[in-house]
Amino acid sequence: MSKPKKRFTSKLCVTCKRCMIECAARHSQSQDVVLSSFEDPAPVPRINISFRKDKPHANYCQNCKNPKCRESCEYGAITKFEDGNVIIDQEKCTGCWACLDACPFGAITKEAEMAVAFNCDDCKGYDDMACVEACKTSSLHYVEKKTTVAAG
């Protein structure tokens, strides 16, 4: 069974940004909320909570079917995996920022100090997603991936 996806429900969000903090900690060297705040460079969240049209909005990678970010990357740093995840490999990323301009959702984060781009990886390699687990109002919650069955 594949890992469930996440969904955001705006009306439940109180914009505490705990999801952002836990995401950054999960992707930090220490993987600890307290210790990660002392790291240099500071860890980067792969989800961003902001306001759009006076409502909370969660911005994270939509794992596009045909990702424009991947098409724009001349260095092969962006891969679309079999499970649907679109992930930027920081080892291959050169910081050219072409993917930032190409992403129609603005879901790619520029980390200028490290000269790499980041996007949500749905916590690949973990059984859960830090942002969903951190959300106490359930505005971020799991949904099962839709599967299509061919009639035959």
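The values are calculated or read from the model by the stated rules, or taken from the named source; none is laboratory data. Remember, predicted model here, so these are calculated numbers, not experimental data. Using ideal geometry, Cβ is built from the backbone for each residue, glycine included, and neighbour counts are taken over all protein chains shown.
Of the residues making up segment 112-152, just one is of a type in the set (Val, Ile, Thr), at pLDDT below 95 and surrounded by 12 or more Cβ atoms within 10 Å (Cβ to Cβ), namely Val116.
Against the condition among the charged types (D, E, K, R), assigned to a loop (DSSP other than H, G, I, E, B) and either in contact with a helix residue (DSSP H, G or I) (Cβ under 7 Å, 6 or more places away or on another chain) or surrounded by 14 or more Cβ atoms within 10 Å (Cβ to Cβ) (or both), how does Arg70 come out, does it pass?
On the way: among the charged types (D, E, K, R): yes; assigned to a loop (DSSP other than H, G, I, E, B): no; either in contact with a helix residue (DSSP H, G or I) (Cβ under 7 Å, 6 or more places away or on another chain) or surrounded by 14 or more Cβ atoms within 10 Å (Cβ to Cβ) (or both): yes.
In short, no.
Do you know which residues across segment 30-46 are in contact (Cβ under 8 Å) with a residue 12 or more places away in the chain and assigned to a loop (DSSP other than H, G, I, E, B)? Those that are in contact (Cβ under 8 Å) with a residue 12 or more places away in the chain and assigned to a loop (DSSP other than H, G, I, E, B): Pro41, Ala42, Pro43, Val44, Pro45, Arg46. If the condition is being loosely packed, with under 13 Cβ neighbours inside 10 Å and touching a residue at least 40 places away in the same chain (Cβ under 8 Å), then segment 82-92 contributes only Asp83.
Determine if segment 95-106 includes at least one residue that is within 19 Å of Arg18 (Cα to Cα) and either of a type in the set (A, V, I, L, M, F, W, C) or assigned to a loop (DSSP other than H, G, I, E, B) (or both). No.
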